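Here the structure comes first, spelled out in C-alpha cells, and everything after it is commentary.
Where a number appears in this text, it was derived from the coordinates with a stated rule and is not lab data. The structure presented is a predicted model; accordingly, all values stated were derived computationally and were not measured. FYI the Cβ positions are ideal-geometry reconstructions off the backbone, even for glycines, and counts take in every protein chain you see.
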Amino acid sequence: MRLAVHLLGPPSVEHDGVAAAPPRGKKVWAVLAYLLRAEAPVSRERLASLLFADADDPLGALRWNLAELRRLLGDSTQLRGEPLVLTPPADATVDVDQVLRGTWRQALSLETIGQVFLEGLNFPGAAAFEAWLLTERRHLANASAGVMREAVVGRIAAGAAEDAVLVARKLVQIDPLEEAYHALLIRSLAATGDRASAQEQFESCRTLLMAELGVRPGPDVLNAVDAPTASVSMTSVGGRASARAQLDAGQAAIAAGVVDAGLECLRRAVAEAEPLRETPLQAQALLALGSSLIHSLRGRDEEGSIALHQAIAAGTESGMASLVAAARRELGYVEMLRARYDRAHTWLAEALDAAADDVGEQAAIRAVLGACWSDTAHYPAAMEQLEQAIALAEESQSHRQVAFAS
C-alpha cells in the first residue's frame, strides 16, 4: 500500500488514497512530526522528556504512542531501535519533504501547500516541544512561501502567466504585508498583458503599506510595475551577429560597472536571438541577463529569476549542461540570500548533477554550498565544501573563484 503523510494543515495519513483512522491521542502526531523532521535518530529518553515529562511513566507513555504510530503507518514502515529510526517505504510521500526538497511542481501539487504545520494541535504540557513546534511552523511557512514564489517565477518564465496570477494571489492572502508577494502578483498580472489590473494591485499595495506600516513600496514593487507584458520579444533586425554583439557588449558593460546600459544590451540579445530560434545563444543571453540582475541591482531578483528559469529551459533544449548548472546555481544563490536554505540546497544539488565534469562550475557551486552550511552553523560541512571549492578552483585555474571560496 502506498503511504502518504500529510503534516501541513490538520494532520492525516492515507494508504492507497484512503484515509487511515486517526490515532488515539494527539501526541502520536507530535511523535511522528518530530521523528520525520529530526536531522538524526532520536533517543527514546529525549522524546519521552520532550512530550511525556508529566506522565507517571514517561517511557511507558512513549511506548504506547509508538504502538499507535506503528498502527497508523502500517507494516510497510519501520519504526524501531535505540535511538529511534523511522523508515517509511521508498514510495511514501511526505508533504513537508516535498515542500523542502522537491521541485516546485511537486510542492504545488499538494492541496495543503501554505497551511500550518500540525494545524489545530498544541501541547501546553510540553513546553520544550511547543518551542520546537513554533520554530518548525515558521520554518515551513517560509519554505512553503519560497516554493510558491518559485512556482510563480517558473510559470511566468514558461509563458503561463494566468497560472502565476493564481499562485501569487494565494501568497498575498497568506501575508498581505509582504511586499515581495505583491511584487510577484503585479509582475504576474503585467505578464498576462493586463496592465490595468497590475496598476490597480500596485495602488492597493501602496495604500495598504502606508496605512499599516507607514512606508512606501520598495524597489521590488516599483520594478514590478514596469515589468514586461511577456517574455522579451521583438523582430530580429540584425540576425545572429547582432545578437552576439549585444551579448558581448552587455557583458562588457556589466563588468565595467555600467549596469543599466549593460542590462539593455543583454535584453536586446535575448530578443534578437528568440525569433531566430538561436536557442543556444538565447540561453547564454538569458543566463547573463539573469545573473546580472540578481548580482547588480537591488529589487531585480524576481526578473532575474525569471530569466534564469528561461535559461534552464533553453539550455536543456540545447544540451548545454554547464549552462543549466550555472543557472541552477544562481537560483540557489537567490534562495540563500532569502535565508531559504532548504530550497537553496535543492537547487545546488540539481546544479551539481548538471555540472558533470565541469570543474570550474563545480567549484562555484560548492562555494555557495559552503556559504549555506556556514550560515546555518554547520561548520564542518561548510569547511568540507569550501575546501573542495578551493581545490577545484585551483584545478580550473580560476583565481577569482579561489578568492571567493577562501
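So, R0 is 41 Å and r is the distance between the beta-carbons of residue 26 and residue 207; what FRET efficiency does that work out to, to 0.05?
0.45
If you plug each phi of the stretch 253-268 into the Karplus form 6.51 cos²θ - 1.76 cosθ + 1.60 with θ = phi - 60°, what whole-Hz ³J(HN,Hα) values come out, in order, with x for Gly and Pro?
Using θ = phi - 60°, the values come out as 5, 4, 4, 8, x, 8, 5, 4, 5, x, 5, 4, 5, 5, 5, 5 Hz.
Along the Cα-to-Cβ line of residue 119, 7 Å from the Cα, sits a label point; which residues in the stretch 168-185 have backbone N less than 19 Å from it?
168-177
Of the residues 326, 307, 381, which exhibits the maximal mean-square fluctuation in a Gaussian network model of the chain defined by a 10 Å Cα contact cut-off?
381
Set the Förster distance to 51 Å, then compute FRET efficiency between residue 258 and residue 44 from the Cβ-Cβ distance, nearest 0.05.
Values: r = 63 Å, r/R0 = 1.24.
Approximately 0.20, to the nearest 0.05.
From the phi of every residue in the stretch 382-397, what ³J(HN,Hα) in whole Hz does the Karplus formula 6.51 cos²θ - 1.76 cosθ + 1.60 yield, where θ is phi - 60° and glycine or proline is x?
5, 4, 4, 5, 5, 5, 5, 4, 5, 4, 5, 5, 5, 5, 8, 6
Could you list which residues have their amide H under 5 Å from that of residue 123, counting only those 5 or more apart in sequence or on another chain, with H placed in the peptide plane?
none
Using only alpha carbon pairs under 8 Å that are at least six residues apart, calculate the relative contact order of the stretch 49-168 and give it in whole percent.
22
With θ set to phi - 60° and the Karplus curve 6.51 cos²θ - 1.76 cosθ + 1.60, what are the ³J(HN,Hα) couplings of the stretch 79-96 in order, to the nearest whole Hz, using x for Gly and Pro?
Couplings: 9, 6, x, 9, x, 5, 10, 9, 10, x, x, 4, 8, 5, 10, 10, 4, 5 Hz.
What are the semi-axes of the equivalent ellipsoid of the stretch 231-319, taken as the square roots of 5 times the eigenvalues of the Cα gyration tensor, listed largest first and rounded to whole Å?
They are 19, 15, 10 Å, listed from largest to smallest.
Order of 13-23, 99-109 by packing, highest average Cβ count within 10 Å first?
99-109, 13-23
Based on alpha-carbon positions alone, could you give the equivalent ellipsoid semi-axes of the stretch 336-406 from the gyration tensor, as √(5λ), descending, whole Å?
19, 14, 9
Output the antiparallel fraction of DSSP beta bridges having both residues in the chain, as a percent to the nearest 5. List each step's numbers first, then the result.
Values: 11 of 13 bridges.
Around 85 percent of the beta bridges assigned by DSSP in the chain are antiparallel ones.
What value, in deg cm²/dmol to 500, does the helix sum -39500 (n - 2.57) over DSSP H runs of n ≥ 4 give at 222 nm once divided by the residues of the chain?
Theoretical 222 nm ellipticity from helices: -21500 deg cm²/dmol.
Among (i) 24.0, 82; (ii) 22.6, 73; (iii) 27.4, 88, only one was calculated for this model; which label is it, if the read-out is Rg and Dmax of the Cα atoms in Å?
Step by step, Rg and Dmax of the Cα atoms in Å for this structure corresponds to label (i).
Return the long-range amide H neighbours of residue 78 (sequence gap of 5 or more, or a different chain), with a cut-off of under 5 Å between placed amide H atoms.
Sorted by chain and number, the residues that satisfy this are 87.
Give me the one-decimal nm value for the distance between modelled label points at residue 80 and residue 397, 7 Å along each residue's Cα-to-Cβ direction.
According to this spin-label approximation, the distance is 5.8 nm.
Near the amide H of residue 94, under 5 Å away, which other amide H atoms are found, from residues 5 or more places off or on another chain, if H is placed in the peptide plane?
Close amide H contacts, sequence-distant or interchain: 5.
Compute the acute angle (0 to 90°) between the alpha-carbon long axis of helix 321-337 and the principal axis of greatest extent of the alpha-carbon atoms of the chain; round to the nearest 10°.
60
With a sphere of radius 15 Å drawn around the Cβ of residue 116, what net charge do the other residues whose Cβ falls strictly inside it have (Lys, Arg +1; Asp, Glu -1)?
Cβ neighbours under 15 Å give a net charge of -1.
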